[in-house]
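J.: Right, I'll just put the structure down here and ask away after.
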Amino acid sequence: VKIESLKEFEEFFGKDDESTTKGGLAYCRFVDSPTMDEKLKSLKATVRCVPLDAQDEPGKCIFTGQPSAKRGVFARAY
Amino acid sequence: MAKQPQTAITPTRAENYPEWYQQVVKAADLAENSDVRGCMVIKPWGYAIWENIQKRLDAMFKATGHENAYFPLFIPMSFLEKEAQHVEGFAKECAVVTHHRLEPDGKGGLQPAPSAKLEEPLIVRPTSETIIGATFARWVESYRDLPILINQWANVVRWELRTRMFLRTTEFLWQEGHTVHANEAEAREETRRMLDVYAEFAEGAMAMPVIKGEKTAGERFPGAVATYSIEAMMQDRKALQAGTSHFLGQNFAKAQEIKFAAEDGTLTYAWTTSWGVSTRLIGGLIMTHSDDDGLVLPPKIAPAHVVILPIYRDDEEKAKSCLTVTRSRGSWRRNRMTASQSACASTIATSVAARRSGNGSSVVCRFVSRPARATWSATTLRSAAAMWQARARSSRVKNLWLPLPQHWRRFSRRFSIVPTQPAALQL
């Protein structure tokens with residue numbers, strides 16, 4: 001799922017961390033930053049990877065608002 | 001109140017996914033927890049899956065020019081200290097060996113002998129970059145020695161606090177590839193090539209879709225310049241890192257003095273890579289395909305294959321059975337049935353001739369009585385297969401099959417098993 005805002009992102013992963021109906025793979029533009037790490041920690045999600053076959057899509061990091069062209073895959077992980 | 005359909009696995013995935021996973025492992029007889037906390041016993045059914053994974057991957061490694069070798073289980077502690085980031089990443093989960101002898105403690109028990117303390121403690125490998133790198137440093141002298149393309153099938157130990165069978169265990173089985181190259185471009189190419197091999201294996205043999213991608217700095221392998229991984233999504237919407245491939249740059253070469261004389265005679269540090277997949281793949285396999293009735297395996301990895309043939313007393317019974325088998329095909333397809341299995345299912349529905357053939361490695365299931373339920377679900381067919389597997393483990397018949405031992409008894413009343421020649425089934 002492509003996600004464009006922090007609010008959507010939080011909703012996607014939900015508060016309930018053991019739920020099997022929340023979460024999934026979120027494709028978001030991001031810039032690696034401490035702000036992001038903290039947010040992810042609170043949602044128990046991580047950046048899984050930056051897909052190799054993805055094309056650049058200029059836009060803004062959903063965590064910091066900085067310009068970012070790459071989308072990462074975010075998810076809870078084993 | 002509507003009666004809930006009973007499932008073979010309790011709880012169901014929706015009720016409690018982690019517990020469902022444990023129960024599937026238990027029901028399919030793949031592994032069990034051991035007396036050592038965090039370590040598992042891989043039972044024959046589980047190990048057979050690992051052997052199939054090994055067989056296929058090993059062929060793929062050989063096809064891409066790699067050779068197998070074996071390096072020691074123990075690594076001198078000082079080796080780990082050479083690469084700062086590497087030690088930081090692994091130090092907190094290292095098992096350490098400090099003594100080489102036991103002696104009576106005077107109270108009827110044993111204790112490590114103080115006189116047998118090792119001068120330098122040894123660690124049990126959490127991964128082998130350091131010891132293999134030190135070996136490679138001796139092997140490499142000139143550009144003519146490169147590239148070195150080595151793979152090792154081994155066990156490693158990472159002292160994990162929270163463990164789950166196959167997914168995260170203190171000791172696990174894996175393969176680790178280690179290569180040395182003369183230049184950066186070649187090493188980067190190798191890293192990506194092996195990632196492609198893993199993705200091809202995951203999707204082609206395990207039928208597990210993956211995303212190939214690069215890790216961010218925080219998730220990188222300790223000491224690597226770039227880490228790539230294949231990520232699969234499980235049924236509970238969580239991601240599983242199924243394999244990784246690392247471009248190590250010259251970091252490890254510098255730490256371990258892997259130097260070579262280039263064509264123009266100058267001494268340069270080499271470029272290294274490493275890549276690995278582990279028994280975790282089995283965890284991914286289970287979570288990708290299995291359902292509330294237990295384990296489902298893709299045919300290329302399944303340890304045993306079976307064909308079920310209904311045999312009818314008369315046309316009336318045949319009409320009924322054909323109907324139910326056709327329905328079963330529907331559920332099979334939901335379990336990712338391939339073209340060859342589909343063909344097989346048609347054979348099942350029509351071939352009665354097979355009954356006449358002699359003994360062999362295939363099987364015919366005979367519908368002894370009318371089933372109590374109107375349809376033969378995938379579970380039912382699966383159970384019959386499991387029953388057959390118990391009797392004949394060495395079949396080469398092509399079909400998708402799934403051991404589910406707790407069902408054998410329940411369905412044995414409804415099936416009798418007649419061996420037949422595979423040729424008669426036109427497989």
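J.: Just the residues that are outside any strand (DSSP E or B), more than 8 Å from chain A (Cβ to nearest Cβ), of a type outside the set (A, V, I, L, M, F, W, C) and touching a Ser or Thr at 6+ places or on another chain (Cβ under 7 Å), please, taken from the stretch B:213-239.
T.: B:Arg220 - this is the single residue of the stretch B:213-239 that is outside any strand (DSSP E or B), more than 8 Å from chain A (Cβ to nearest Cβ), of a type outside the set (A, V, I, L, M, F, W, C) and touching a Ser or Thr at 6+ places or on another chain (Cβ under 7 Å).
J.: Select from the stretch B:57-81 the residues that are at pLDDT 95 or above and touching a Phe, Trp or Tyr at 6+ places or on another chain (Cβ under 9 Å) and write down the one among them that is surrounded by the most Cβ atoms within 10 Å (Cβ to Cβ).
T.: Only one residue fits best here, namely B:Leu57.
J.: Considering B:Ala187, B:Ala154, B:Ala91, B:Ala137, which residue is assigned to a helix (DSSP H, G or I) and in contact with a Lys or Arg (Cβ under 9 Å, 6 or more places away or on another chain)?
T.: Details: B:Ala187 fails: in contact with a Lys or Arg (Cβ under 9 Å, 6 or more places away or on another chain); B:Ala154 fails: assigned to a helix (DSSP H, G or I); B:Ala91 fails: in contact with a Lys or Arg (Cβ under 9 Å, 6 or more places away or on another chain).
So the residue among B:Ala187, B:Ala154, B:Ala91, B:Ala137 that is assigned to a helix (DSSP H, G or I) and in contact with a Lys or Arg (Cβ under 9 Å, 6 or more places away or on another chain) is B:Ala137.
J.: Also, quick follow-up: Would you mind telling me which numbered condition in (1) in contact (Cβ under 8 Å) with a residue 24 or more places away in the chain; (2) among the acidic types (Asp, Glu); (3) outside any helix (DSSP H, G or I) B:Glu15 fails?
T.: Failed condition: (1).
J.: Just a yes or no: is a residue in the stretch A:1-15 within 10 Å of chain B (Cβ to nearest Cβ), out of contact with any Ser or Thr (no Cβ under 9 Å at 6 or more places or on another chain) and either aliphatic (A, V, I, L, M) or open to solvent by 70 Å² or more (accessible area, probe 1.4 Å) (or both)?
T.: Looking for residues that are within 10 Å of chain B (Cβ to nearest Cβ), out of contact with any Ser or Thr (no Cβ under 9 Å at 6 or more places or on another chain) and either aliphatic (A, V, I, L, M) or open to solvent by 70 Å² or more (accessible area, probe 1.4 Å) (or both), one finds none in the stretch A:1-15, hence no.
J.: If you don't mind, another one. Take the residues in the stretch B:12-42 that are surrounded by 15 or more Cβ atoms within 10 Å (Cβ to Cβ) and over 17 Å from B:Thr163 (Cα atoms), then tell me which one is farthest from the other protein chains (Cβ to nearest Cβ).
T.: B:Asp29
J.: Restricting to the stretch B:261-291, give me the number of residues that are surrounded by 24 or more Cβ atoms within 10 Å (Cβ to Cβ) and more than 31 Å from the chain's Cα centre (by Cα).
T.: 1
J.: Give the residues of the stretch B:101-138 that are surrounded by 12 or more Cβ atoms within 10 Å (Cβ to Cβ), closer than 30 Å to B:Gln175 by Cα and free of Cβ contacts under 8 Å to residues at least 24 places away in the same chain, sorted by residue number.
T.: Of all residues in the stretch B:101-138, those surrounded by 12 or more Cβ atoms within 10 Å (Cβ to Cβ) come to B:102-103, B:111-113, B:116-118, B:121-137.
If we keep only those that are closer than 30 Å to B:Gln175 by Cα as well, we get B:118, B:121-137.
Within the stretch B:101-138, B:Leu118 is the sole residue that qualifies.
J.: Right, next: Could you run through the stretch B:215-239 and say how many residues are among the acidic types (Asp, Glu) and surrounded by 19 or more Cβ atoms within 10 Å (Cβ to Cβ)? Can you show your working first?
T.: At the first step, the residues of the stretch B:215-239 found to be among the acidic types (Asp, Glu) are B:219, B:231, B:236.
From what is left, the residues that are surrounded by 19 or more Cβ atoms within 10 Å (Cβ to Cβ) are B:231, B:236.
So the count comes out to 2.
J.: All but one of (1) surrounded by 22 or more Cβ atoms within 10 Å (Cβ to Cβ); (2) out of contact with any helix residue (DSSP H, G or I) (no Cβ under 9 Å at 6 or more places or on another chain); (3) within 11 Å of chain A (Cβ to nearest Cβ) hold for B:Glu190; which doesn't?
T.: (3)
J.: Could you list, in sequence order, the residues of the stretch A:38-71 that are of a type in the set (Ser, Thr, Tyr) and within 13 Å of chain B (Cβ to nearest Cβ)? Please lay out each step first, then the result.
T.: Of the stretch A:38-71, the ones of a type in the set (Ser, Thr, Tyr) are A:42, A:46, A:64, A:68.
Once the filter is applied, which keeps residues that are of a type in the set (Ser, Thr, Tyr) and within 13 Å of chain B (Cβ to nearest Cβ), the stretch A:38-71 yields A:Thr46, A:Ser68.
J.: Also, quick follow-up: Restricting to the stretch B:240-260, count the residues that are assigned to a loop (DSSP other than H, G, I, E, B), open to solvent by less than 10 Å² (accessible area, probe 1.4 Å) and under 17 Å from B:Trp139 (Cβ atoms). Give the derivation first.
T.: Step one: filter the stretch B:240-260 for residues assigned to a loop (DSSP other than H, G, I, E, B), giving B:248-250, B:257-258.
Adding the requirement that they be open to solvent by less than 10 Å² (accessible area, probe 1.4 Å) leaves B:248-249, B:258.
Narrowing the set further to residues that are under 17 Å from B:Trp139 (Cβ atoms) leaves B:248, B:258.
Qualifying residue count, the stretch B:240-260: 2.
J.: Using beta carbons and a limit of 8 Å, which pairs, at least six apart or on different chains, have the first residue in the stretch B:216-234 and of a type in the set (Lys, Arg) and the second one open to solvent by less than 10 Å² (accessible area, probe 1.4 Å)?
T.: Once the first residue is of a type in the set (Lys, Arg) and sits in the stretch B:216-234, its partners that are open to solvent by less than 10 Å² (accessible area, probe 1.4 Å) give B:Arg220/B:Ala226; B:Arg220/B:Thr227.
J.: Hey, does the stretch B:139-148 have a residue that's modelled with pLDDT under 95 and of a type in the set (A, V, I, L, M, F, W, C)?
T.: Checking the stretch B:139-148: at least one residue is modelled with pLDDT under 95 and of a type in the set (A, V, I, L, M, F, W, C).
J.: While we're on this one: Among residues belonging to the stretch B:200-212 that are more than 9 Å from chain A (Cβ to nearest Cβ) and surrounded by fewer than 22 Cβ atoms within 10 Å (Cβ to Cβ), point out the one that is nearest to B:Ser274 (Cα to Cα). So that I can check it myself, show each step before the final result.
T.: Of the residues in the stretch B:200-212, the ones more than 9 Å from chain A (Cβ to nearest Cβ) are B:200-210.
Remaining after also requiring surrounded by fewer than 22 Cβ atoms within 10 Å (Cβ to Cβ): B:200, B:203-205, B:207, B:209.
Working: B:Glu200: 18, B:Glu203: 21, B:Gly204: 23, B:Ala205: 22, B:Ala207: 25, B:Pro209: 23 Å.
Here the residue is B:Glu200.
The values are calculated or read from the model by the stated rules, or taken from the named source; none is laboratory data. Please read all numbers here as calculations on a predicted model, not as lab measurements. Don't worry about glycine lacking a Cβ; one is built from the backbone with ideal geometry, like all the others, and counts go over all protein chains shown. Ligands, DNA and RNA are excluded from the accessible area calculation, which covers all protein heavy atoms including side chains. Shrake-Rupley method; radii C 1.70, N 1.55, O 1.52, S 1.80 Å.
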